[in-house]
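The values are calculated or read from the model by the stated rules, or taken from the named source; none is laboratory data. As the structure is a prediction and not an experimental result, all values here were calculated from the model. All Cβ positions, even for glycine, are placed from backbone atoms using ideal geometry, and neighbour counts span all protein chains on display.
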Amino acid sequence: MATRPGTIEFENVGIGTALLRNRLNVPPNQREYSWEEEHVQDLFQDLAGAIDSGKSSYFLDTIVLTPGSEEAFEVADGQQRLATTTILLAVIRDYFQDRNENLLVQDLNQFLYTVVRETREIQPRLRLNIDDNEFFKNRILSKRGDALRRSARPTKPSHDRIIAAARMAEELILRIIAPHNDQNRIERLNQWVGYLEKSALVIVLKVPDDLNAYVMFETLNDRGLRTSQADLAKNHLFNLADDRLVEAQQRWAAMNGALDTLEENDVTITYLRHLLISLWGHTREREVFDKVKEHVIAKQHSIEFLDALANNANDYVAIQTPTHSKWNDYAPNIRKHVRTMAFLQLTPLRPLMLAVSSSFSKRQMELAFRQFVCWSVRFLVSGGARSGRMEEAVARAAQEVSNGRIDTAQKLTNQLQDVLPTDPIFEAKFATETVAKNALARYYLRALERKLQNDPSPEWVPNEDTVITLEHVLPQNPSEQWTDIDPALMAAYYRRIGNMVLLRAGLNNNIGNKTFAEKKPVIAESTFVLTQEVAKYDTWGPVEIEERQKKLAKIALETWPL
């Protein structure tokens with residue numbers, strides 16, 4: 001079982017043979033089962049295409065194994081393919097069992113289980129990580145008649161993905177056997193098992209130590225799912241943790257437990273990158289692993305950084321969740337600003353928000369979060385919201401906050417003054433702003449309206465927006481009465497913010513494509529001052545839209561000030 005010292009051994013075998021010849025453990029530092037339905041579907045479709053077209057072999061890429069304990073190898077790369085293949089073989093076994101093909105059931109079980117002679121135990125050929133293993137054993141590997149184990153309930157997203165993969169395997173089998181009679185169905189599935197055993201080829205690399213595995217892990221891909229920078233960072237941290245591995249696992253699990261509440265794709269790598277930015281400066285996603293390796297070089301460093309990951313995860317969730325308990329002791333406005341930032345979705349500001357939420361006093365944090373809203377709107381309107389210059393400046397500011405050199409909202413503004421859109425730039429851009437998203441246009445107009453009514457906090461998203469509708473005075477699909485305006489001009493001015501008004505729900509249900517003269521009475525009845533003012537115009541077209549939008553731009557300066 002052991003590899004020769006200092007060598008990397010490899011063999012070219014079917015993925016079924018790789019299971020038959022080995023006991024494989026997914027180590028704790030590996031991620032859970034993460035293939036989505038599209039990845040499972042790709043594998044099944046490729047296998048079906050290869051078998052149906054009579055291809056003698058089909059290559060499934062590389063699997064990397066390292067020496068483990070108890071006569072088992074550890075899977076450094078390839079667990080998604082191995083687990084999905086195991087699921088498919090288990091479902092075929094279940095089909096045979098339902099038809100009392102007991103010899104074939106015994107044959108299939110060889111891919112799923114092995115006997116450990118020393119302990120006289122039956123063990124799975126493939127053991128998943130601590131999050132998935134018990135569920136995988138019960139729901140997938142156990143016998144069809146074991147109702148208690150088969151009824152295991154999913155408790156993690158990875159469990160749901162395992163269930164989905166099993167369902168897709170069952171659907172695949174039904175498609176495979178559909179054209180055949182009973183006897184030929186068994187033979188057809190046997191053909192699939194044989195292909196998985198001998199012809200669905202993988203290169204199995206057995207490397208002599210973890211270091212070589214990590215090097216391989218950096219360069220190899222899982223099928224259809226690139227090795228994540230977060231996985232590489234986790235491997236590095238867990239490897240450094242050494243005899244404190246359990247502590248490391250607990251801290252990583254605590255981080256994931258907090259982040260799971262966000263229900264965001266790739267949230268771990270996004271969070272990890274944003275935390276690194278706040279601690280150590282500008283970091284691109286592809287640089288995450290290198291940045292962790294550069295700064296975390298010893299056991300104690302690993303545990304301390306994992307502490308930071310776990311502790312800051314709660315704040316990272318809080319800055320995106322207005323109902324979070326963190327805000328219970330703050331002034332109510334901060335929840336409103338958090339909700340507004342979540343609505344505006346200016347992701348590049350999150351590292352700075354994270355640093356501020358961890359370092360600023362309550363009062364300064366409240367002031368800073370209002371600034372974040374104002375800056376976000378200015379960036380969205382003026383452009384450069386995701387420019388390299390802006391992101392680098394925000395990264396420097398976040399690092400200064402984390403280092404304690406910036407501790408007030410005013411100092412933060414001073415730090416970023418070179419990249420924040422100035423009043424002249426913001427006013428000029430707002431005066432010509434075209435808004436494609438109705439929700440964003442509604443927010444802009446609602447904030448301007450509140451500013452006009454002397455609301456002390458006009459910039460946050462109010463709760464009542466759901467009962468307010470957006471009306472385009474110059475319609476997208478104008479009636480024949482709008483013939484005095486060139487169609488090209490109509491298309492250009494339709495989404496200008498100056499062409500939009502707010503109406504209470506119900507008032508604009510029937511005026512969409514009507515003439516301006518027909519719309520005016522409805523607009524005049526509105527309780528919104530900015531809407532009423534449109535009714536004072538005699539005609540409506542590009543000239544009137546531009547004139548109104550210049551007025552709105554001046555109000556915008558006061559609504560979202562620097």
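When the residues of segment 462-479 are narrowed to those that are outside any loop (DSSP other than H, G, I, E, B) and modelled with pLDDT of 70 or more, which ends up surrounded by the fewest Cβ atoms within 10 Å (Cβ to Cβ)? Can you show your working first?
So the first thing to find is which residues in segment 462-479 are outside any loop (DSSP other than H, G, I, E, B), and the list is 463-472.
From what's left, modelled with pLDDT of 70 or more: 467-472.
Numbers: 467: 9, 468: 17, 469: 17, 470: 19, 471: 20, 472: 18.
Filtering first and then ranking leaves 467.
Pairs please, first residue from segment 428-442 and part of a loop (DSSP other than H, G, I, E, B), second anywhere and surrounded by fewer than 18 Cβ atoms within 10 Å (Cβ to Cβ), Cβ atoms under 7 Å, 6+ apart in sequence or on different chains.
Between residues of segment 428-442 that are part of a loop (DSSP other than H, G, I, E, B) and residues that are surrounded by fewer than 18 Cβ atoms within 10 Å (Cβ to Cβ), the close pairs are 431/550.
Report yes if residue 545 is assigned by TED's automatic domain parsing to the domain that holds residue 449, touching a Gly at 6+ places or on another chain (Cβ under 8 Å), modelled with pLDDT of 90 or more and of a type outside the set (Gly, Ala, Ser), otherwise no.
Details: assigned by TED's automatic domain parsing to the domain that holds residue 449: yes; touching a Gly at 6+ places or on another chain (Cβ under 8 Å): yes; modelled with pLDDT of 90 or more: yes; of a type outside the set (Gly, Ala, Ser): yes.
So residue 545 fits the description; yes.
Residue 297 is checked against (1) in a helix (DSSP H, G or I); (2) among the hydrophobic types (A, V, I, L, M, F, W, C); (3) farther than 30 Å from residue 455 by Cβ and fails just one. What number does that condition carry?
The single condition residue 297 does not satisfy is (1).
For segment 55-67, does any single residue satisfy the condition of being in the same structural domain as residue 141 (by TED's automatic domain parsing), closer than 30 Å to residue 244 by Cβ, touching a residue at least 12 places away in the same chain (Cβ under 8 Å) and in a loop (DSSP other than H, G, I, E, B)? Give the steps one after another, and end with the answer.
From segment 55-67, those in the same structural domain as residue 141 (by TED's automatic domain parsing) are 55-67; that's our starting set.
After this cut, where a residue has to be closer than 30 Å to residue 244 by Cβ as well, the list is 63-67.
Of the ones still in play, those that are also touching a residue at least 12 places away in the same chain (Cβ under 8 Å) are 63-67.
Checking the rest, the ones that are also in a loop (DSSP other than H, G, I, E, B) come to none.
The answer is no, given that none of the residues of segment 55-67 is in the same structural domain as residue 141 (by TED's automatic domain parsing), closer than 30 Å to residue 244 by Cβ, touching a residue at least 12 places away in the same chain (Cβ under 8 Å) and in a loop (DSSP other than H, G, I, E, B).
Take segment 169-187 and flag every residue that is surrounded by 17 or more Cβ atoms within 10 Å (Cβ to Cβ) and either over 14 Å from residue 95 (Cα atoms) or out of contact with any Leu (no Cβ under 9 Å at 6 or more places or on another chain) (or both).
Across segment 169-187, the qualifying residue is only 185.
Determine the pairs where a residue that is more than 20 Å from residue 446 (Cα to Cα), located within segment 517-539, has a partner that is in a helix (DSSP H, G or I) with Cβ atoms under 7 Å apart, the partner being 6 or more residues away or on another chain.
537/544; 539/516
If the requirement is being part of a helix (DSSP H, G or I), in the same structural domain as residue 156 (by TED's automatic domain parsing) and in contact (Cβ under 8 Å) with a residue 60 or more places away in the chain, which of these qualifies: 32, 38, 71? Steps first, answer last, please.
Working: 32 fails: part of a helix (DSSP H, G or I); 71 fails: part of a helix (DSSP H, G or I).
Exactly one of 32, 38, 71 is part of a helix (DSSP H, G or I), in the same structural domain as residue 156 (by TED's automatic domain parsing) and in contact (Cβ under 8 Å) with a residue 60 or more places away in the chain, namely 38.
Just a yes or no: is a residue in segment 159-167 over 21 Å from residue 33 (Cα atoms) and among the hydrophobic types (A, V, I, L, M, F, W, C)?
At the first step, the residues of segment 159-167 found to be over 21 Å from residue 33 (Cα atoms) are none.
No - not one qualifying residue is present in segment 159-167.
Quick one: in segment 480-523, which of the residues that are at pLDDT 70 or above and of a type in the set (S, T, N, Q) is nearest to residue 548 (Cα to Cα)?
Looking at residues that are at pLDDT 70 or above and of a type in the set (S, T, N, Q), I get 499.
Could you please find all residues in segment 128-144 being closer than 20 Å to residue 92 by Cβ and not basic (Lys, Arg)? I'd like the intermediate steps shown before the answer.
Just the residues of segment 128-144 that are closer than 20 Å to residue 92 by Cβ, to begin with: 128, 136-144.
128, 136, 138, 140, 141, 142, listed by residue number.
Got at least one residue in segment 4-20 being within 30 Å of residue 241 (Cβ to Cβ) and buried (at least 18 other Cβ atoms within 10 Å of the Cβ)? Full working, then the answer.
Step one: filter segment 4-20 for residues within 30 Å of residue 241 (Cβ to Cβ), giving 4-10, 18-19.
Narrowing the set further to residues that are buried (at least 18 other Cβ atoms within 10 Å of the Cβ) leaves 18-19.
Checking segment 4-20: at least one residue is within 30 Å of residue 241 (Cβ to Cβ) and buried (at least 18 other Cβ atoms within 10 Å of the Cβ).
Kindly evaluate residue 334 against the criterion of being closer than 30 Å to residue 430 by Cβ and either at pLDDT 95 or above or in contact with a Ser or Thr (Cβ under 8 Å, 6 or more places away or on another chain) (or both). Outline the logic, then answer.
Working: closer than 30 Å to residue 430 by Cβ: yes; either at pLDDT 95 or above or in contact with a Ser or Thr (Cβ under 8 Å, 6 or more places away or on another chain) (or both): no.
Taking the combined requirement at face value, the residue does not satisfy it.
Can you go through 275, 262 and tell me which one is at pLDDT 85 or above, in contact with a Phe, Trp or Tyr (Cβ under 9 Å, 6 or more places away or on another chain) and surrounded by fewer than 19 Cβ atoms within 10 Å (Cβ to Cβ)? If you could, list the steps in order and put the result at the bottom.
Working: 275 fails: surrounded by fewer than 19 Cβ atoms within 10 Å (Cβ to Cβ).
Selected residue: 262, the only one of 275, 262 that is at pLDDT 85 or above, in contact with a Phe, Trp or Tyr (Cβ under 9 Å, 6 or more places away or on another chain) and surrounded by fewer than 19 Cβ atoms within 10 Å (Cβ to Cβ).
Would you check which residues across segment 138-164 are surrounded by 15 or more Cβ atoms within 10 Å (Cβ to Cβ), touching a residue at least 40 places away in the same chain (Cβ under 8 Å) and within 17 Å of residue 108 (Cβ to Cβ) and list them?
Within segment 138-164, 140, 141 qualify.
If I ask for residues that are closer than 17 Å to residue 342 by Cα and not aliphatic (A, V, I, L, M), which ones from segment 267-280 would you list?
Within segment 267-280, the first condition is being closer than 17 Å to residue 342 by Cα, and the residues that meet it are 267, 270-271, 274.
Residues satisfying the conditions are 270, 271, 274.
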